[in-house]
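Take a look at the structure set out below.
The values are calculated or read from the model by the stated rules, or taken from the named source; none is laboratory data. Predicted, not measured: the structure shown is a model, and the values here were computed from it. Don't worry about glycine lacking a Cβ; one is built from the backbone with ideal geometry, like all the others, and counts go over all protein chains shown. The area values use the complete protein model at the heavy-atom level, side chains included, leaving out ligands, DNA and RNA. Shrake-Rupley method; radii C 1.70, N 1.55, O 1.52, S 1.80 Å.
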Amino acid sequence: RCGCEGIHSEGDTLQTAEAAEAQVEPREEVPESGLLSNTVEPHTPRQLAAWKEAGAQQAELEKAKLLEFQIDIAKKGQKLGIRYDDSDGMGLVIKIINPGVFYDSIMEQNSDRWVMPDDRIVEVNGMRGKSEWLEEECMKADVLSMKIERLLPPPGVRIFCRSQDPTVKIHAYDLFGHSRGPLACVARTLNGMSTRYGLFHTGVEVYGCEWFFGASAEGLFHGVNCNEAKQHAQHRYRTSVVLGATAMSQDDFEELMPLLRMKWPAWSYHPISRNCHSFTDFFCKILGFRSVPRFGLFGSGDSSAVPGPDRTEARSLMPSCGCSSLKAGEGRGAVSDPSKWPC
């Protein structure tokens, strides 16, 4: 088998007798978490619903279009490592990309051909029209030529920028600070005395959202997600450091974030060598800063740039620097060339 796993929606289950008598029509629920939630639910209807809720006009929604592109994958006897939703009967909507030949293959492509969660496989080796045909071809063929469809947002609709504020801030939290466990107790105690030897979580706020990296207990793909500033669900907020304004435009930021999220899948998380601090450091370098404040034992960056116990207020650390090129530790590269990223 190729490692493909189908995710069947609730519509595939039999209705109960009571529901059949009442003739209750199925109604799609839009998650409160919105477009950027890390979820395995079918995505396209949720996208459109969220755009409507955001006040997009019907004329703008009609301008949404599909991008189609082709990729070639040689399985070499290995598993693809993808999970998909085949409930529409005509395509395979990719929901989760696990470690395997599929992810490795798309990372070798140009970034404009990176297949992402919620993209739809519509053709495999010339076969199209039914989901079962596509699945069968993925299982039996060793070389796959796939045509992929992606729903593009209407012009002017921004998914990742929730405000126009380019100020970049690092927010630090006591690790698992909302819990009462021994680790949380140790983190609160150490963090109150020292930012060098404490246990912290960090996130990066820019354009109205705070971005962070972490593992997924549910086995979902995206490791980079966002929350409201200073409002992480698991960790207790402690302090902030203001880096300054990024020179990256909102348009470039919208182009950057899907690529960045592909480079930091949840399954690549490691508590020491590739953690939330590693992402904070990497992200801020892409945004145009030479260094970031280092928090805690497993942090990344410059420990001297962190406010001490008597200076826990947010403060300016450094001005933004040029974003014309990406070198090791300074500036950011062209969004269309992630191969130059320093990771």
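Here are the numbers:
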quantity: Charge dipole (debye, nearest 20) of region 137-210; +1 at Cβ of Lys and Arg, -1 at Cβ of Asp and Glu; calculated: 140 debye
quantity: Too-long pairs where the Cα-Cα distance tops 20 Å, listed order kept, from K169/K230; K95/K147; K95/K263; K76/K130; K130/K263; K79/K130; calculated: K76/K130; K130/K263; K79/K130
quantity: Calculated FRET value between M90 and Q250, using beta carbons and R₀ = 35 Å, to 0.05; calculated: 0.50
quantity: Under the Karplus curve 6.51 cos²θ - 1.76 cosθ + 1.60, θ = phi - 60°, whole-Hz ³J(HN,Hα) for region 117-124, x wherever Gly or Pro sits; calculated: x, 5, 5, 10, 7, 10, 8, 9
quantity: Ranked order, F295, F176 - accessible area, probe 1.4 Å, largest first; calculated: F176, F295
quantity: Cβ charges +1 (Lys, Arg) and -1 (Asp, Glu), total dipole of region 90-133, debye; calculated: 180 debye
quantity: Full-stretch length increase - Q109, Q78 - with 0.36 nm per residue and alpha-carbon distance subtracted; calculated: 9.3 nm
quantity: Relative contact order [Cα under 8 Å, 6+ residues apart], region 113-221, whole percent; calculated: 22 percent
quantity: R0 of 22 Å, Cβ-Cβ distance Q231-T189: FRET efficiency to nearest 0.05; calculated: 0.45
quantity: Solvent-accessible heavy-atom area per residue, rounded to whole Å², over region 109-260 at 1.4 Å; calculated: 44 Å²
quantity: Area of K230 that stays accessible when all protein chains are in place (1.4 Å probe, Å², to 10); calculated: 90 Å²
quantity: Shape category assigned to region 168-228 from the gyration tensor of Cα positions, a/c cut at 1.5; calculated: oblate
quantity: Hz values of 3J(HN,Hα) by residue in region 148-160 - Karplus curve (6.51, -1.76, 1.60), Gly and Pro given as x; calculated: 10, 10, 9, 7, 8, x, x, x, x, 7, 9, 8, 9
quantity: Shape of region 140-259, Cα gyration tensor, a/c cut at 1.5; calculated: oblate
quantity: Overall form of region 207-247 per C-alpha gyration tensor (a/c, 1.5; a/b vs b/c); calculated: oblate
quantity: From phi via Karplus (6.51, -1.76, 1.60), per-residue ³J(HN,Hα) for region 250-256 in Hz, x at Gly/Pro; calculated: 5, 4, 5, 5, 4, 6, 5
quantity: Carbon and sulfur %, accessible surface of region 169-303 computed with the full protein complex present, 1.4 Å; calculated: 53 percent
quantity: Computed over region 123-179: relative contact order in percent, which uses C-alpha pairs under 8 Å that are six or more apart; calculated: 27 percent
